[in-house]
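Data first, discussion second: the structure below is written as structure tokens.
The values are calculated or read from the model by the stated rules, or taken from the named source; none is laboratory data. The model shown is predicted, which means the values in this text are computed figures rather than measured ones. Backbone-built Cβ (ideal geometry, glycine too); neighbour counts: all protein chains shown. When the accessible area is computed, the model is the full protein with side chains, heavy atoms only, and any ligands, DNA or RNA have been set aside. Shrake-Rupley method; radii C 1.70, N 1.55, O 1.52, S 1.80 Å.
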Amino acid sequence: MTLHPLLPESIRLDAPRRLFCFPHAGGGAAVFYRWQRYLPEDVALVPMRMPGREDRLAAPVYDELSHLADEITEAISALPPAPHLFVGHSLGGYVAFEVTRRLVDRQLPLPHKLIVAACGAPRGTKPKSPIGQLPDQDFIDEVSNRYDGIPAAVRESPELMAMVLPPLRADIQMIETYEYIAGEPLPVDILALGGTNDPGVAVHRLNAWRELTSRHFAMRLMPGGHFFLHPAPRREATSKAVPPAIAMVLAALPELGDQ
């Protein structure tokens, strides 16, 4: 079958379980593929292939979160059903949440659990200090200060910054223009994960996710900053232990036979 461009070009559709991953602002699928070494053989990893980056560099970026959520809902619902888990990081947490809402509305199979990482619960108010429209250098400085989200090696390379900046700015603007509309709590368990040193996501905002589910809610704080979900590649290469955040994801996978 022909898959939507937002999905990997190849998915193990016969795998009994699936792990759908929604990246942070400016991020793509590649960082999630590092998780493959930790996953059970019967789990298909399905990270979103966001436009404007990686192998979709020429594809136009999304400018509305609602449009992106609509497209991902269509892409996922076209797949043969299988028990699955949603993990959304930062911006990806909002996207995964909105996709889940759309699945509820359409009475389609729901994720076994929604994991939101480094992402405060959505609010109906606009951000007090938006940065999406700032001049390039001011924007870069603010992203670095708030999220430590641009490695020094990238900031120091004009060529790399020219590739990174457009999708990152578009994603930040999606967050800042996201119009959350209050609705019924999700009939899905929610696990909110936060970094102990993340200056951009307050604990009370993580805890506010409990109001958005009618099922079980849990919150856990993990060592690290805004990107605690993705350990440095060097650390992964020198350690055989499963990083704590990824261990939480593995523990949340649906059991075989769950629907």
In whole angstrom, note down how far apart the Cα centers of the stretch 1-64 and the stretch 149-165 are.
23 Å
Can you work out ³J(HN,Hα) from phi for every residue in the stretch 202-219, in order, using Karplus 6.51 cos²θ - 1.76 cosθ + 1.60 and θ = phi - 60°, giving whole Hz and x for Gly and Pro?
6, 4, 5, 6, 5, 5, 5, 4, 4, 6, 9, 9, 9, 10, 7, 10, 9, 10
Taking H as built 1.01 Å from N, whose amide H comes closer than 5 Å to the amide H of residue 7, not counting residues under 5 places away?
49
Once amide H atoms are placed 1.01 Å from N in the peptide plane, what residues at a sequence separation of 5 or more from residue 195, or on another chain, have their amide H within under 5 Å of its amide H?
118, 222
How many percent of the accessible area of the stretch 146-259 is carbon or sulfur, using a 1.4 Å probe?
56 percent
Computing the accessible area with a 1.4 Å probe over protein heavy atoms, can you report the carbon and sulfur percentage for the stretch 1-104?
52 percent
Could I have the simple spin-label model distance between residue 160 and residue 63, label points 7 Å from Cα toward Cβ, reported in nm to one decimal?
2.9 nm
Spelling it out for residue 29: with amide H atoms placed in the peptide plane at 1.01 Å from N, the residues 5 or more places away or on another chain with amide H under 5 Å from its amide H are 50
Of 74, 159, 98, 142, which has the most accessible area with a 1.4 Å probe, and how do the rest follow in descending order?
159, 74, 142, 98
If you stretched the chain out fully between residue 210 and residue 232, how much longer would it get, using 0.36 nm times the residue separation minus the C-alpha to C-alpha distance?
4.9 nm
Could you give each residue of the stretch 4-11 its phi-based ³J(HN,Hα) in whole Hz, using Karplus coefficients 6.51, -1.76, 1.60 with θ = phi - 60°, and x for Gly or Pro?
5, x, 6, 9, x, 5, 9, 10
What FRET efficiency comes out for the pair residue 125/residue 42, r = Cβ-Cβ distance, R0 = 51 Å, nearest 0.05?
0.75
